[in-house]
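Below is one structure; the comments refer to it alone.
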Amino acid sequence: MIAADFNYEAPTSLDEAFTLLRKYGDEAKILSGGHSLIPMMKLRFASPECIIDINNIPGLSDITREGDIMKIGALVREAQVEHAAELLEHFPIFADVTKLIADPQVRNMGTVGGNLAHGDAANDHPAVMMALRASVVIAGADGTRVVPIDEFFFGFYSTAIQPDEILTEIQIPMPSPYTGSAYHKLERKVGDYATAGVAVQLTIDANGICTYAGIGLTNVNPLPMRAARSEEALVGKKITDETIAEAARYASDDCNPSADLRGDVEYKRAMVGVLTKRMIHKAAQRAVA
Amino acid sequence: MTQVCKTSKAIGGMGHSMKRKEDGRFLQGKGNYVDDIKLDGMLYMDIVRSPYAYAKIKKIDSEAALKVPGVLAVITGRDLEQYNLHWMPTLMSDTQMVLPTDTVMYQAQEVAAIIATSRYAARDGREAVRVEYEVMKPVIDPFKALDPSAPVLRTDKPGKTDNHIWHWEVGDKARTEAVFASADVVVKEQMHIPRIHVASIETCGCVADYSKVNNHLTMYMTTQAPHAIRTVIALVAGHVGLTEEKVRVISPDIGGGFGGKVPVYPGYVIAIAASFLIGKPVKWIEDRSENLQADSFARDYHITAEMAGTKDGKILATRFKVLADHGYTDASANPSKFPTGMFSIATGSYDYGTTFMEADAIYTNKPPGGVAYRCSFRVTEAVHAIERMTDRYALEIGKDPAQLRFDNFIPKEAFPWHSPTGWIYDSGDYEAGLRKAMDAIDYEGLRKEQTEKRAKGELMGIGISTFTEVVGAGPSKDFDILGIKMFDSAEIRVHPTGKAIARFGTKSQGQGHETTYAQIIAEELGIPAENIQIEEGDTDTAPYGLGTYASRSTPTAGAAAAVAARKLRDKARKIAAYLLEVSEDDLEWEPGKFFVKGAPEKSKTIQELVFAAYTNHPQGMEAGFEATHYYDPPNLTFPSGAYICVVDIDKETGEIKVRRFVAIDDCGNIINPMIVQGQVHGGLTQGIAPAMYESLIYDDDGNILNGTLMDYLVPTAVESPNWETGHTITPSPHHPIGAKGVGESPTVGAPPAIANAIVDALSPYGITHLDIPITPFKVWKALKEKGAI
């Protein structure tokens, strides 16, 4: 990497990091896994004056359950998620998504927090977190705030995190019994951004009625997108071929993909429909299993 | 036929799967690549590149760049013009700018060079150079390049009035037209073999080290052909004093070449010029994007392919018309007399009477090329055309494509076989190869399964490719590059203690020459391969040769090694006769020793005989134990293969899964089966690449749309199916060890097998052809257009 010149800081506490953030303002970038930041620096799309490496800050690397909340620390690596038994037991969607994120080397470094904080609709975790109704904990010198995922993304590479703040944790509500979740993306080859990706979480009660539906879409909209109409089409109803088809159609209609080398708009909309259908099936199977 | 090892495992001659001698250093990270070379006082170069495909340079402002700490100089075309170094010849005797003085002709073209004291300062300097351009409308679509309204791009060539480079044709036009006019069945497809890139792991680079004191240039560089490069440097820069004896080219370890490291790129010349002017070593190493965007592409042939035949499946004639998009200059690396390389092998493995082939090459505002990317020379294009059309014909008449091939193969009794385009195929047994592949994959069972799946609306396809390669260029009567004949060389020196060093005019880029050449010499001399050191790549020490590409190393330098070793064995026989006090005719050879006929206890080992050559040689005999041979092959070699691919396609998404891929190769006698298998694995993966993933794509303004590996999709282990490999052995009758070369067969043979399988899966919906790379989107779109989804 032949990046432009930059300063490197490695604080050992959040307070130290906040001090540095105040010093450098917009000119600082947080380094966690680096797998989005470093390619941008390599291409000189990003030339931050200072890199603040948060990897030496203790307490950000755990996956823990506290009552009804599953907490994922900002420095939790994708590879850690792959082996987190309790998380995977309740949220099988994480087994689906991590194995679709690049390759083992990337997963050894890349973090879930960074995947969200980068603010890119092409990343996979935004859609997953939308399906799970997660929240993001953002900390600054003046305290912390908890931001629902639906209010987290603002624009391309732009999130609710202010220049003097750090994403410290992701909080996911524990699901009700008989909940299942699933994710898949079409990719041209391993490591590619999604042609389209769909994340689904469903809860199905004893009568076979869907009581909860969360559906998030990857890389088919300028911002990470929750397929709200598709969710509404399922909640309160039985999961049948008809309701699934309706939900898939809404997702296909409501997304707003752009044409690129992966395919034209028509293809991407069709793929959102196909994947929504398949992921609802898979999540429903897992919910009753 | 099967191959039997004639030597013990301890000697490790031909047929032994000995581990690669070079892997010890590679696996421990101890290889020595160009970027590992560090010299005292070394400076670093970076290159400003054009953001536009076609533009006039109005001004290059270096002021800010020269203020960047560590930046020493900014070199432009005007600077090189003072030394007449701003233009250089291509290997096809076309011309290419080193740095432009007036106009840029493609995106990513070199515009200026920065020389600095560190790699980082050089890049910072590059960012600070300001260039003003006057943008012009480029010629991108090759079909519009010959339109009278298209701007003439090569205004540097006096009298040039269009964008046409050359016309080439071969075959019997009148007879072919007559056959087509009267044939029962004629099939025709327009196909594009996409513009792709070798994308070797190591990019290109060099360290140019000019010593003013000695008036001597040492050029460390990533080149597949160090000797040819030395001669080219002397031809280009002789007028400033760099004559050939003052130039030493060293090609250290190379991380993949695949044809992309044959040409001379402008960066090399600029680095030499900079070192020459400054008197310090200058290192230039491309980054990945520069490599992908600016270095020579491969392929980019638009082919109108036609086949004529009978209703029951006898091929009668073929016709191929090519439009070759060479970009800004013809920077191919073909033998001089072959502007389309060996494309005329496109009659394939089939016995029919007539063909006519023609090609027109044109200029566009794209990077220059095209190099021979693991394809001998344009054989990939040829094989794709003939193998696609063979399946197309089978589909047209409703005949099984395997049976159609059996009905048309050149019979094994017909070799040596004279092709309608003038090749003399040395040997082959195509029927045996296809039969073996069909048995390995259970062809009949697959066809049954396909019938059942089709009844259920599922998409499964089976594709065959039975190709003939033409490699080992080549006989000096026909083959030269810039006038230098395409022989190759070996020099063997055996030390008094019976250990050897051998040097070659070729240059391995990962092929395993340090092992296979040693095995050839071990086979002939009985000296253990472990005790034979192989060296290549230093023009001061190695004998002259044309380098490694076009699967030519084994057919040429490998043959030279065998012949040189046989000269030494003849000398050993003379020494043995002297020591054993018998006539030479009374001696018999077994690997490693001569013994007296009928008295095997009276023997001398090769080590004893070599020692005697230094200590007790017969009076009148020249002392020492050395031999050199320059091998001029009497013919090319013609490896072949039978590949069968099975795909399953997801109808809703268009995703293609290669379920199985069986590759039966025939490369004649095998030197090291493990290395051959490795070559085939790598080549098949580079075959699946253009078939399903890779293609350099430009928009109408000449902007590359996939100029990084984020979007230029090089397949990985995840995309690679489980390759099932095997072989038949039909030795080359004219090659000293019966070998044919294998490096390129899989790259050549795999794409049509995959394309044929995919089209076979889609054929129930009336789809007869899809251009590679065949992506999920392309499949889905085709099914949609046919109303299948």
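5 Å is the cut-off here: which amide hydrogens, built 1.01 Å from N in the peptide plane, fall below it relative to residue B:659, excluding neighbours closer than 5 in sequence?
Distant-sequence amide H within range of residue B:659: B:646, B:647, B:648.
Whole Å is fine, so just give me how far the alpha carbon centre of segment B:111-129 lies from that of segment B:766-789.
Answer, in whole Å: 47.
How many Lys pairs in segment B:31-149 lie less than 30 angstrom apart by Cα atoms, where the lysines are 8 or more positions apart or on different chains?
9
Put a dot 7 Å past each Cα toward the Cβ at residue B:784 and residue B:621; how far apart are the dots in nm?
Simple spin-label model gives 7.9 nm for this pair.
Give a residue-ordered list of calculated ³J(HN,Hα) values for segment B:220-229 (Karplus: 6.51 cos²θ - 1.76 cosθ + 1.60, θ = phi - 60°; whole Hz; x for Gly, Pro).
8, 7, 7, 10, 7, 9, x, 5, 4, 5
Aspartates and glutamates near residue B:574 by alpha-carbon distance under 15 Å, same-chain residues fewer than 8 away left out - which ones?
Straight-distance partners of residue B:574: B:584, B:585, B:586, B:588, B:608, B:622, B:626.
Under 14 Å Cα to Cα from residue B:781, which aspartates and glutamates show up? Leave out anything in the same chain fewer than 8 places away.
Cross-link targets: A:264, A:266, B:650, B:652, B:655, B:771.
Cross-link candidates for residue B:571: which lysines have Cα within less than 27 Å, leaving aside residues fewer than 8 places away along the same chain?
Excluding near neighbours in sequence, the set is B:6, B:9, B:499, B:593, B:597, B:602, B:604.
List nothing, just return the count: lysine pairs in segment B:403-487, 8 or more apart or interchain, with Cα separation under 29 Å.
6
Taking only C-alpha pairs under 8 Å that are 6+ residues apart, what is the relative contact order of segment A:167-222 in percent?
Dividing the mean separation by the residue count of segment A:167-222 yields 29 percent.
Please list, in order along segment B:676-693, the HN-Hα scalar couplings obtained from phi with the Karplus expression 6.51 cos²θ - 1.76 cosθ + 1.60 (θ = phi - 60°), rounded to whole Hz, x for Gly and Pro.
With coefficients 6.51, -1.76 and 1.60, one gets 4, 4, x, 4, 5, 4, x, x, 5, 5, 6, x, 5, 4, x, 5, 10, 10 Hz.
Mean separation of Cα pairs under 8 Å and 6+ residues apart, divided by the residue count of chain B: what relative contact order is that in percent?
Value for chain B: 16 percent.
For segment A:109-266, with the dipole built from +1 on Lys and Arg beta-carbon atoms and -1 on Asp and Glu ones, taken about the Cα centre, which of A:204, A:255, A:154 lies farthest toward the positive end?
About the Cα centre, the residue reaching furthest to the positive side is A:204.
Amide H to amide H, which residues 5 or more places from residue A:184 or on other chains are under 5 Å from it, using H placed in the peptide plane?
Here the answer is A:198, since their amide H atoms fall under 5 Å of that of residue A:184.
Using unit Cβ charges (K, R positive; D, E negative) and no other charged atoms, how large, in debye to the nearest 20, is the dipole of segment A:179-288 about its Cα centre?
300
Please name whichever of B:214, B:398, B:108 sits farthest to the positive end of the charge dipole of chain B, dipole taken about the Cα centre and charges placed at Cβ: Lys and Arg +1, Asp and Glu -1.
B:214
Roughly how many Å is it from the Cα centre of segment B:390-452 to that of segment B:610-660, as a whole number?
25
Whole-Hz Karplus ³J(HN,Hα) for segment B:337-351, in order, using 6.51 cos²θ - 1.76 cosθ + 1.60 and θ = phi - 60°, x for Gly and Pro?
Computed from phi, the couplings for segment B:337-351 are 7, 10, x, 9, x, 9, 4, 5, 6, 5, 5, x, 8, 10, 9 Hz.
When a footprinting reagent is the concern and you count Cβ atoms within 10 Å, what order do B:5, B:375 take, fewest first?
B:5, B:375
Taking square-rooted eigenvalues a ≥ b ≥ c of the alpha carbon gyration tensor, is the protein assembly as shown rounded, prolate or oblate, where a/c under 1.5 means rounded and, failing that, a/b exceeding b/c means prolate?
Here the protein assembly as shown falls in the prolate category.
If amide hydrogens are placed 1.01 Å from N in the peptide plane, which non-local residues have theirs closer than 5 Å to the one on residue B:297?
Excluding prolines and chain starts, which carry no amide H, the hits are B:371.
Set the bar at 23 Å for Cα to Cα. Now go through A:99/A:282; B:188/B:786; A:29/B:283; A:277/B:657 and name every pair that lies beyond it.
Beyond 23 Å: A:29/B:283.
Could you state the number of Å between the C-alpha centres of segment B:545-588 and segment A:267-289?
A separation of 68 Å, based on Cα centres.
Going by a ≥ b ≥ c, the root eigenvalues of the Cα gyration tensor, does chain A fall in the rounded group (a/c under 1.5), the prolate group (a/b larger than b/c) or the oblate group?
It comes out prolate by the Cα gyration axes.
With an 8 Å Cα cut-off and a minimum separation of 6 or more residues, compute the relative contact order for segment A:126-191 in percent.
34
First check a/c for chain B, with a ≥ b ≥ c the square roots of the eigenvalues of its C-alpha gyration tensor; if it is under 1.5, answer rounded, and if not, answer prolate when a/b is larger than b/c or oblate otherwise.
Taking the square roots of the gyration eigenvalues as a ≥ b ≥ c, chain B is oblate.
Values quoted throughout were computed directly from the atomic coordinates according to the rules given, and no laboratory measurement underlies them. Just so you know, these numbers come straight off a predicted model, no measurement behind them. Cβ coordinates were reconstructed from backbone atoms using ideal geometry, including for glycine residues, and neighbour counts include every protein chain displayed.
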